[in-house]
Amino acid sequence: MDNWVIALIKVVFIWTWTLLIATLMTWVERRGSAMMQDRLGPNRAGPFGLFQPLADGIKLFTKEDIIPEKAHKILFSLGPILFALPAFSAYAVIPFGDKLVVNGKEIILQVADVNVGFLYVVALGAMAVYGIVLGGWGSNNKYSILGGLRSTAQLISYEVPFGLSLLAVVLVYGTFSLREISLAQQGTFLGFLPNWGIFKQPLGFILFIVTAYAEANRVPFDLPEAESEIVAGYHTEYGSMRLGLYLFGEYVNMYTLAALMVTLYFGAWHLPYIDMSKFLGPVSYGIASFLVFFLKTAFFLWLFVWVRWTVPRFRYDQVMGLGWKALIPLALVNLFITALCIQLTV
Amino acid sequence: MDIYFIIFAIMALGGALFTITAKDALPSALGLLTVFIALSALYLHLHAPLIAIFQVTIYAGAILVLVVFVIMLLMTPDEKLEAAQKNMAYRIMGAVLGAYLTALTVVGVKGISELISANELPEGFGHPGLLGDLFFKKYLLHFEMASVLLLVALIAGIYLAKKRI
């Protein structure tokens, strides 16, 4: 019974937290872009415009819910749901801290530590494309279909290097469980570097971050939206909260991918050179590990925004060329070198 | 019969039926997606999480996405599938293939049920490590044969796509 309550609290906590971060990210994105373009951005609602996401939410909820007359009604309404649902459930296997000891009971700060951990994230990431495809097809709009089409092609091209770069991480740590991978990153590597995945998989990390941007449909890979060529692509016909779900799902995806980057390549909740568990109490250690993990994640979330307002969009054929001719061969080479190193050192 | 099996078996069969009777191409592909997800749930029920995840990642996440890609590339939302569904040659071919697959399944299930009696699951059943162990030790030849088969398909694909080699 006790375990059920703890599990429920964890689920509710991480769900609310993810939603809160995604909401805040819409504000960070707008203020961040304004900063980079020497503008002010939304600064009227609340201090620093922090209540802007709330105002946006109220606006989206109270708008008239329009379904275009020629649209396929069922597909049109299913689209945003199928897009948001996998995004919201993907975080379940990613840790958000080490552990919290309350009354002698150890609570692991992760919803589910399953032994097929990040394959689950990959599977759900692939599911998100159906939401985009349904939206594009159901809208009965040329631009929307083009957006959906681009999304499927992009997913197939980038799923392969994404999976291959993750596979190299599995080779290094010998497990699929994200918690075990996090635990293995404590201490130092070669005597002076923090024992983080990035130092063991530098090429793997570059491949992972590039494909992650493509998976999240972010600039420079936001071809399915591409507002300047195909008028926001798959969500051209959407309005009110249906559009809200699409936009929101994108930020939730970003948060999941950023957390995955931290877990696999940046030592999860470990600080470099310092072992927090040695001089912090059990409860404060749990909270500190959560904060460290979140601060690292926040940096990668900021990186998503940073890149979006710095780099121009690729042309469609360039995206395909990069995926098939550069990333996949590089990922295979990376996998081969990793396997060779492990074979030679073990 | 447990309720979990019945729910997902019905879901899989219903999805399959919808796949072959749907009038529009994309909903038909979604029917197939339902089948894949229901099958994946059944694998989970059989204590095989790795197979379940692969079912979703590879079939629903890659192969079906390719099918959807082709549908979106070649068809429009107004196009119906009726012409293809009414084609008698397709129907006969489908019936022959279906009968063949059913026979194969019956023979296979009968063979397996004679081989295996109900017993306890071994320690760590369905764990990725254990599966890898079997692949690279006991069934290495089968595994390599499958790899060669895929390699042949890959080379054939490149040959067909390239104008001059």
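Listing for the model above:
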| quantity | calculated |
| --- | --- |
| Gyration tensor verdict on chain B (Cα atoms; rounded if a/c is under 1.5, prolate if a/b is larger than b/c, oblate otherwise) | oblate |
| Förster radius 51 Å - calculated FRET efficiency between B:Lys110 and A:Glu227, Cβ distance, rounded to 0.05 | 0.30 |
| For chain B, the longest site-free run once trypsin sites (Lys or Arg not before Pro) in DSSP loop states with at most 16 other Cβ atoms within 10 Å are removed | B:81-161 |
| Length released on extending from A:Ala45 to A:Met241, taking residue separation times 0.36 nm less the Cα-Cα span | 68.5 nm |
| Region B:1-46 versus region A:33-72: alpha-carbon centroid distance in Å | 39 Å |
| Degrees between helix A:202-215 axis and first principal axis of chain A (Cα, 0 to 90, nearest 10) | 30 degrees |
| Gain on full stretching of the segment that runs from A:Trp324 to A:Ala7 - 0.36 nm per residue minus C-alpha separation | 109.9 nm |
| Added length on full extension, which subtracts the Cα-Cα distance from 0.36 nm per residue, A:Trp306 to A:Met276 | 7.8 nm |
| Simple Cβ-charge dipole of chain A, Lys/Arg +1 and Asp/Glu -1, about Cα centre, in debye nearest 20 | 300 debye |
| Shape category assigned to region B:21-67 from the gyration tensor of Cα positions, a/c cut at 1.5 | oblate |
| DSSP H segments from chain B that extend 20 Å or more along their own axis, Cα-based, with Kyte-Doolittle mean of 1.0 or above | B:3-21, B:25-45, B:88-115, B:140-161 |
| Percent RCO, i.e. relative contact order, over chain B, from Cα pairs under 8 Å lying at least 6 residues apart | 18 percent |
| Longest DSSP-loop-exposure-free segment, GluC sites (Glu not before Pro), chain A, at most 12 other Cβ within 10 Å | A:70-346 |
| Cα-only Debye scattering, region B:1-79: base-10 log of I(q)/I(0) at q = 0.15, 0.19, 0.22 Å⁻¹ | -0.55, -0.80, -0.97 |
| Normalised convex hull volume, region A:88-223, alpha-carbon set, Å³ per residue | 129 Å³ |
| Cα gyration tensor shape for region A:227-340, rounded if a/c is under 1.5, else prolate or oblate | oblate |
| For chain B, the longest site-free run once GluC sites (Glu not before Pro) in DSSP loop states with at most 15 other Cβ atoms within 10 Å are removed | B:1-78 |
| Expected-Rg normalisation [2.2 N^0.38 Å, Cα atoms] applied to region B:39-98 | 1.57 |
| Using alpha-carbon coordinates, inclination of helix A:52-62 to the longest axis of chain A, degrees | 50 degrees |
| Residues with amide H under 5 Å from that of A:Lys99, placed H, sequence gap 5 or more | A:Leu109 |
| Region A:35-73: trypsin sites (Lys or Arg not before Pro) in DSSP coil with no more than 11 other Cβ atoms inside 10 Å | A:Arg39, A:Arg44, A:Lys70 |
| For region A:126-167, the Rg and Dmax computed from alpha carbons only, in angstrom | 11.9, 39 |
| Between 0 and 90°, nearest 10: helix A:328-345 axis offset from chain A longest Cα axis | 10 degrees |
| Principal axes of chain A: Cα extent on each, largest first, Å | 62, 48, 47 |
| Loop sites in region A:170-266: chymotrypsin sites (Phe, Trp or Tyr not before Pro), DSSP, at most 12 other Cβ within 10 Å | A:Phe192 |
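All of the numbers you see were taken from the coordinates with simple rules; none came from a lab. In this text, all values refer to a predicted model and were calculated from it rather than measured experimentally. Reconstructed Cβ throughout: ideal geometry from the backbone, glycine too, with neighbour counts over all protein chains shown.
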